[in-house]
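Reviewing the structure listed below.
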Amino acid sequence: MEKKKETQQIFIKKSLAIFSLTCCEGCQFELLKDYVNFNHLLNFYELKNFRLGQENNLDGPFDVAVVEGTPESQREYKLLHQIRRESKIVVAMGACANLGGIQSQRNHLPAKYIGKPEVKTLYDTIKIDFSIPGCPITNTEAISILVDLYWDKIPKLPGHAVCFECRLNENECLIKKGLPCLGPVTVAGCNSICINSKESCFGCRGPLPQANFIKMKEILSAMLSKKEIEDWLTIYGDYQKKWLGINKRDKS
Amino acid sequence: MLYKANNHHLDLVAEVINKKYQIFSHHKNGSVFKYQRNQSPKNISWHSQKSILPFKKIIFPEGLNLDKDNQKVALTGLALCDIAALNLFLKQFSESGIIQKREELLIVGGDCSPDENCFCDQFNLDPLLDFDLFISKRENEYLVYSKSWRGENIIKKIGLKKSLVSFNLKAKAKSPKIDLELTKKNIDNRELTKDYWQKISNNCFGCGACTAVCPLCFCFDQNFLNSPDGGCKRCLNWTSCFASDFSQIQFGHDLRPENTDRLYNWYHHKFVRGPKELKSPLCVGCGRCITACPAHLNIKNIISSMNNKFPVDN
Ligand code: SF4
Ligand code: SF4
Ligand code: SF4
Ligand code: SF4
Ligand code: SF4
């Protein structure tokens with residue numbers, strides 16, 4: 001057995017901030033899920049601002065700022081712009097930040113029910129450098145993205161669909177059984193966790209650059225009504241809208 | 001050489017194999033079959049079942065750690081198509097040092113029961129296959145065919161009686177004829193078949209499920225994973241020519257930007273580059289990609305309807 005090496009503190013720490021806008025805060029908890037991993041992260045970063053995890057929080061500037069949730073109030077919009085001004089790198093964390101999240105279903109309601117403005121993603125609001133997708137995010141993926149950023153390495157999301165990982169996990173395919181699943185159009189990286197537990201993929205990680213929605217609707221139309229298909233494709237936001245998180249990555 | 005055996009003999013064969021090798025065979029897991037390690041030499045299923053992932057997950061596992069040593073492995077219950085695919089797989093990787101060498105493997109074939117997606121009979125699989133043992137069930141006995149000194153050594157230890165019945169390995173599937181030469185010619189002529197591939201790719205997700213399950217897809221990314229404890233792990237991760245980052249080079253420039261380019265590459269590698277480089281198509285007709293495709297695309301139908309569309313020398 002190889003012994004785990006203790007990190008020697010030879011690198012200069014960068015500063016990290018983790019902010020939460022309107023959301024369930026589940027992604028922050030997911031970051032904390034593995035204390036060992038999280039503690040290792042602190043070998044690389046000085047945690048300057050993390051309301052959920054510590055009492056004394058400092059203002060910017062930050063080397064890396066991670067933001068979850070969507071901006072709702074004036075205060076949150078102001079905070080978001082301030083984070084952008086004060087941070088070298090801004091990372092959008094979770095389905096809310098990247099796609100709009102569950103709350104963005106509000107955008108599809110008839111006008112008379114909506115008392116508030118449209119829910120906007122972080123991409124609609126400020127310039128975002130990188131994404132950590134998922135509802136919630138995957139702990140190991142998030143930590144490794146942050147470690148990559150420490151080393152100035154451009155983090156990469158998988159270029160294949162959830163189906164690919166689902167085959168690796170040798171699940172029985174839901175679509176082949178006549179059940180709906182959004183795996184074919186969704187970015188991999190969650191290790192097909194939902195299908196492993198016999199639940200459909202609801203596309204929380206957002207669409208692939210090559211997502212074929214025409215085909216997806218054709219396949220789903222054998223199982224769901226038109227209205228239901230629309231609902232499925234907007235659970236965590238408007239999947240068919242070009243997701244900046246991925247297209248940006250392709251251009252950078 | 002051909003030998004006769006009963007259940008008890010096969011248990012002895014398993015025990016002999018178990019002394020030197022980790023044994024893998026097909027295991028039922030809910031409604032699917034998986035190819036997995038046998039913790040003990042008991043209850044090996046010598047019969048082949050179509051597992052979702054083929055043998056490649058054993059000798060070339062996802063996330064392969066390059067700093068680990070290879071284990072000696074016995075792959076049992078392999079159907080004819082999988083033996084043929086394994087032969088090609090070893091040929092492809094022979095110089096790489098990444099996977100087990102032939103001498104670290106024991107290849108044991110077994111009877112299969114073809115399903116509606118099998119089309120192994122379209123490929124010339126039978127002659128010259130390299131394996132050690134093939135175990136075939138007859139009415140009230142087994143026939144054990146040994147094809148190598150490794151196989152002979154195992155049989156010698158148990159002392160089986162020779163059999164004089166006739167035995168020939170043959171692809172069992174019964175599928176409509178596919179002209180592989182014409183297939184190769186048609187695919188190689190991209191101008192001619194361009195619209196055809198566009199039509200097929202409009203119906204494809206580009207999800208890569210087909211390449212994940214194919215015994216003859218072996219593309220990988222070499223990754224250097226920064227781990228939070230300060231170390232860095234060198235490993236190989238499976239990837240697919242359908243992935244959006246597969247053919248990307250600097251500045252996000254993509255050599256195969258559209259799904260039709262990627263789909264075309266899949267078929268081109270299987271039926272044109274394969275025969276050029278390894279002297280055989282990179283498809284053995286196992287049908288796994290058909291079973292896996294969430295868009296219900298069918299490689300067998302796709303190549304036959306292409307050949308129907310472009311039937312003669314072009
Ligand atoms: S169950 Fe869903 S994710 Fe898995 S292979 Fe089928 S369609 Fe893809
Ligand atoms: S399987 Fe789909 S819904 Fe589940 S975590 Fe992965 S991307 Fe999200
Ligand atoms: S499994 Fe089917 S849909 Fe997915 S990439 Fe392969 S052919 Fe296309
Ligand atoms: S291409 Fe399909 S049928 Fe051919 S070997 Fe691969 S999985 Fe089997
Ligand atoms: S078909 Fe694609 S994934 Fe398969 S071996 Fe060829 S290039 Fe790789």
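The values are calculated or read from the model by the stated rules, or taken from the named source; none is laboratory data. Every value quoted in this text rests on a predicted model; they were computed, and no experiment measured them. Note: ideal-geometry Cβ built from the backbone for every residue, glycine included; neighbour counts use all protein chains shown. We work out accessible area using only protein heavy atoms, side chains counted, and drop any ligands, DNA or RNA first. Shrake-Rupley method; radii C 1.70, N 1.55, O 1.52, S 1.80 Å.
Residues of the range B:29-49 that are within 12 Å of chain A (Cβ to nearest Cβ) and not hydrophobic (A, V, I, L, M, F, W, C): B:ASN29, B:GLY30, B:SER31, B:LYS34, B:TYR35, B:GLN36.
Out of curiosity, is A:LEU58 among the aliphatic types (A, V, I, L, M), in a loop (DSSP other than H, G, I, E, B) and more than 16 Å from ligand 4 (Cβ to nearest atom)? Yes: the conditions hold for A:LEU58. Evaluated against (1) open to solvent by 40 Å² or more (accessible area, probe 1.4 Å); (2) under 28 Å from A:GLY237 (Cα atoms); (3) in contact with a helix residue (DSSP H, G or I) (Cβ under 8 Å, 6 or more places away or on another chain), A:GLN74 falls short on exactly one condition, (3). Across the range B:163-175, the qualifying residues are those that are within 27 Å of the chain's Cα centre (by Cα) and open to solvent by 100 Å² or more (accessible area, probe 1.4 Å), and the one among them that is farthest from B:PHE123 (Cα to Cα) is B:ASN168. Of the helices (runs of 4 or more DSSP H) lying entirely inside the range B:131-215, those carrying at least 3 residues that are of a type in the set (Ser, Thr, Tyr) are B:190-202.
Scanning the range A:108-137 for residues that are over 30 Å from A:ASP148 (Cα atoms) and touching a strand residue (DSSP E or B) at 6+ places or on another chain (Cβ under 7 Å) gives a single hit, A:VAL119.
Okay, residues lined up against (1) assigned to a loop (DSSP other than H, G, I, E, B); (2) touching an Asp or Glu at 6+ places or on another chain (Cβ under 8 Å); (3) facing chain B (nearest Cβ under 8 Å); (4) closer than 27 Å to B:ILE52 by Cβ:
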position: A:GLN105; (1), (2), (3), (4): no, no, no, no
position: A:LYS112; (1), (2), (3), (4): no, no, no, no
position: A:GLY115; (1), (2), (3), (4): yes, no, no, no
position: A:VAL119; (1), (2), (3), (4): yes, yes, no, no
position: A:LYS127; (1), (2), (3), (4): yes, no, no, no
position: A:LEU146; (1), (2), (3), (4): no, no, no, no
position: A:LYS156; (1), (2), (3), (4): yes, yes, yes, yes
position: A:CYS166; (1), (2), (3), (4): no, no, yes, yes
position: A:GLU172; (1), (2), (3), (4): yes, no, yes, yes
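Out of all the residues in the range B:27-82, which are buried (at least 23 other Cβ atoms within 10 Å of the Cβ) and among the acidic types (Asp, Glu)? Selection gives B:ASP82 alone. How many residues are within 12 Å of chain B (Cβ to nearest Cβ), crowded, with 23+ Cβ neighbours inside 10 Å and under 17 Å from A:ALA97 (Cβ atoms) when one looks only at the range A:187-208? Total satisfying the criteria: 2. Scan the range B:229-252 for residues that are among the aliphatic types (A, V, I, L, M) and more than 7 Å from chain A (Cβ to nearest Cβ) and the total you get is 2. May I ask you to say which residue of B:ASN189, B:ASN202 is within 16 Å of ligand 3 (Cβ to nearest atom) and either at pLDDT 95 or above or more than 21 Å from the chain's Cα centre (by Cα) (or both)? So the residue among B:ASN189, B:ASN202 that is within 16 Å of ligand 3 (Cβ to nearest atom) and either at pLDDT 95 or above or more than 21 Å from the chain's Cα centre (by Cα) (or both) is B:ASN202. So is B:ILE83 closer than 25 Å to B:CYS289 by Cβ and in contact (Cβ under 8 Å) with a residue 12 or more places away in the chain or not? Taking the combined requirement at face value, the residue satisfies it. Elements of the type strands (runs of 3 or more DSSP E) sitting completely within the range B:1-99 and holding at least 1 residues that are of a type in the set (D, E, K, R): these cover B:2-5, B:22-29, B:32-37. A single entry from A:LEU224, A:LEU168 fulfils the requirement of being at pLDDT 95 or above, more than 16 Å from ligand 4 (Cβ to nearest atom) and over 16 Å from the mean Cα position of the chain (by Cα): A:LEU224. Restricting the search to the range B:258-296, which residues are buried (at least 18 other Cβ atoms within 10 Å of the Cβ) and part of a loop (DSSP other than H, G, I, E, B)? Within the range B:258-296, B:SER280, B:PRO281, B:LEU282, B:CYS283, B:VAL284, B:GLY285, B:CYS286, B:GLY287, B:CYS293, B:PRO294, B:ALA295 meet the criteria.
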